[in-house]
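What follows is a set of notes on a single structure, which appears directly below.
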Amino acid sequence: MARSRPAPAQSLPVYRAADFTCTDGANMGDPVTIASELLLDDIYELPFGQDLQRLSVIADSTGPFRVSSETAVGTPQAVLHIDCALSFMSPDGMTHETLLLVEVDEDGTIADIYLLPLSALKSSVEYRLVGIDTTTARQKFAQVACVSFTRGTHITLASGEQRLIEELEVGDRVLTRDDGVQKIRWIGQSTVRAVGEFAPIKIHAGTLHNENDLIVSPDHRLFIYQRSDELGAGQSEILVKARHLVNGYTVTVMDGGFVDYFQLLFDSHQIIYAEGIAAETMLIDTRTKSVLPADLSAAMGDVIPGHSDLPHAGLDVNEALLRRPDAAELLRKASSR
């Protein structure tokens, strides 16, 4: 099915390569760059006060990653490549994983390079390069892009039963908002450090009429039906990213330790019920497909009806409307019966 609406953009907090330079080693004075030009044991630092910048990325089911028009850095519509995953060690012995993204111009020439930290980096700290990985970078990026529920989340089945996500099996029948009862096609699971882009978001009980806490990945989108347009979104059906609701008290970041993430895949992108909140399931595109087992990825092909036609496109709320501490409260009010 042909697309009539654009794919949702994903915002990535990045540093420009020029902001992360080698202060000791063979590449001293040079910014971090593509894998083929890096050397292990070189030391890199961020200058004091350097802030992360927002790189917005879009993708479809078959094409390349591109810079979104919503971006704060980069050239809109420019192609982005995932060059490698880099590991740095700080003086305290902690390992910090990052991804290197390369923007190219129409001639395929490098126009800019970005460093996506998967855990927080601090200014004026020496980071020694201890790992250069060109084989799993795309899969790691897919893990960042995947929407995930956490262990202990109750999912509503077709029967009305509330079953823990870790007890679900392929073929289980789940209640969806748009397509009635649907069978689970695949269940993914990973355990990662709950830091940076992998730190989950907790929507505390009662925040959105949920009886229990709902804990999801930062970019997980929640479906809200507004009976009154409290946000000024201009439509009753909206999708809101969990990270955009963080206010420090009813919606919080769970930073630290480890987290078990689960992805639920159906034959089409669905809205299901998790702890009573309508929330999206895994959407397959060029960002997320590499997280699938090779045989399933091959079987699904390049164009996947129900994923490639973006049935829920156009519902995303502009982030600017959510930059207020009472956003979650307004959504609760808007969706009240």
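Just so it is clear, none of the values below were taken in a lab; they were calculated from the coordinates. Predicted model, so just to flag it, every value in this text is computed and none were measured. No Cβ is skipped: glycine too gets one built from the backbone with ideal geometry, and neighbour counts run over all protein chains shown.
What the phi angles of the range 158-169 give under the Karplus curve with 6.51, -1.76 and 1.60, with θ = phi - 60°, is a coupling list of 4, 7, x, 4, 9, 10, 4, 4, 6, 9, 6, 9 Hz, glycine and proline written as x. Skipping prolines and chain starts, which residues have an amide H placed within reach, meaning under 5 Å, of the one on Val57, given they are 5 or more residues away or on another chain? Hits under the 5 Å cutoff: Gln10, Ser11, Leu12, Ser68. Distant-in-sequence amide contacts of Trp186, defined by a placed amide H-H separation under 5 Å and a gap of 5 or more residues or a different chain, comprise Leu265. Close amide-amide hydrogen proximity is noted between Ser335 and Arg227, each under 5 Å apart and 5 or more residues distant or on a separate chain (H modeled in the peptide plane; Pro and chain starts excluded). Sequentially through the range 171-185, phi angles give Karplus couplings (6.51, -1.76, 1.60; θ = phi - 60°) of x, 4, 9, 10, 7, 10, 6, 9, 10, x, 8, 10, 8, 5, 8 Hz, Gly and Pro residues having no value and appearing as x. Based on alpha-carbon atoms, the Kirkwood radius and the radius of gyration of the chain give Rg/Rh equal to 0.97. If you count Lys pairs in the chain whose Cα atoms are under 21 Å apart, skipping same-chain pairs closer than 8 places in sequence, the total is 7. Peptides 46-53, 27-34 ranked from most to least packed give 27-34, 46-53, packing being the mean of other C-beta atoms within 10 angstrom over each peptide's residues.
Peptides 140-148, 173-181 ranked from most to least packed by the mean count of surrounding Cβ atoms within 10 Å: 140-148, 173-181. Using the Karplus relation 6.51 cos²θ - 1.76 cosθ + 1.60 with θ = phi - 60°, the per-residue 3J(HN,Hα) values for the range 121-135 come to 10, 10, 5, 6, 10, 7, 10, 8, 6, 10, x, 10, 10, 9, 9 Hz, with x marking Gly and Pro.
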